[in-house]
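First the structure, in the form of structure tokens, and then the observations on it.
The values are calculated or read from the model by the stated rules, or taken from the named source; none is laboratory data. Predicted model only: the values in this text are computed from it and were never measured. Every residue, glycine as well, gets a Cβ built from its backbone with ideal geometry; the counts of neighbours run over all protein chains shown.
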Amino acid sequence: MQILDGKIVSQSVKEKIKEKTILFKSNGNKTPHLAAILVGTNGASETYVASKVKNCEEVGFKSSLIRFDENIEEAALIEAIEKLNRDEDVDGILVQLPLPKQINEEKIINLINPDKDVDGFHPMSIGKMVQGLPTFIPATPYGIILMLEHYKIETSGKHAVVIGRSNIVGRPISILLSRNAYPGNCTVTVCHSRTKNLKEICLQADIIVAALGIPEFLKADMVKENAVVVDVGITRVVDATKKSGFAIKGDVDFASVAPKCSYITPVPGGVGLMTIAALLMNTFTAAELKIKH
Ligand code: GUN
């Protein structure tokens, strides 16, 4: 069993971005600039956004964090996004999700200029991804792809089972794994809360992507020998033994599943770290203005 180490791979991706950024700037180009919008004080969102901002600095990008109160009206958020759309110095715009109830998430995502949509959530970006055209790929699935690529994991002709059908992870990774590309060319089964015989389907999988958000859901008796297991879960569970008061749990029961796998991602230290590296890649691409919609 080999660990798919998010720390090593994300570091290697970030080193490459750092070098490319130095070269980009020395060629007279501007500093890549990511603007992140955070609404409210959701603990997990605060942590993610802080990490995104810190990582921008590490690779030589500029970042702006724009914070709004939990009770912000939708019109004010719309105005802020329109301002960032117009701001020529801003290359990438990220609105941290989830948003409070009074705000229509879909409306907000649709408002982001697709040329700056580094989260890849805009329907234009998703449509292009489905067609296999150059675009921004959402950070988590993109991070998984970078991880599989780094470890040269064979995917062609394999049966990949994706558990979860969210717009952010399950749906896009299922599309990417079925593409005529590497990593890709998998036969993909997408499972979800209404799936019958989930265990039997998982037992047929060469690759399992667990992205359903239920801690330690995937057990050893659902995984065949030598499967590749990618754990996308990051649920905070109360843990009095931790200084922070909580522990991070994946969707995979790592202790029992890992011995059966050829490769497995740990939590923490797996896919989570890759998502930030992927976001930085998208931001650099946005700065290069390679993607024109
Ligand atoms: N919330 C959970 N994951 C993500 C993500 O990848 N991007 C944004 N903007 N919000 C999220």
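Points worth noting:
- Residue in segment 73-84 that is crowded, with 20+ Cβ neighbours inside 10 Å and closer than 29 Å to LYS16 by Cα present: yes
- Strands (runs of 3 or more DSSP E) lying entirely in segment 182-268 (those with 3 or more residues that are at pLDDT 95 or above): 187-191, 207-210, 228-231
- Exactly one residue out of THR275, THR283 is in contact with a Leu (Cβ under 6 Å, 6 or more places away or on another chain), outside any strand (DSSP E or B) and within 16 Å of the ligand (Cβ to nearest atom): that is THR283.
- Only residues that are aromatic (Phe, Trp, Tyr) and either in contact with a strand residue (DSSP E or B) (Cβ under 8 Å, 6 or more places away or on another chain) or over 16 Å from GLY170 (Cα atoms) (or both) were counted in segment 99-149, giving 1.
- The helices (runs of 4 or more DSSP H) found entirely in segment 1-114 that carry 2 or more residues being within 16 Å of the ligand (Cβ to nearest atom), without any contact (Cβ under 8 Å) to a residue 40 or more places away in the chain and over 26 Å from PRO268 (Cα atoms) are 105-111.
- Pairs where the first residue, in segment 129-151, is among the acidic types (Asp, Glu) and the second is away from the ligand (no atom under 11 Å from the Cβ), C-beta under 8 Å, 6+ apart: GLU149/TYR182; GLU149/PRO183
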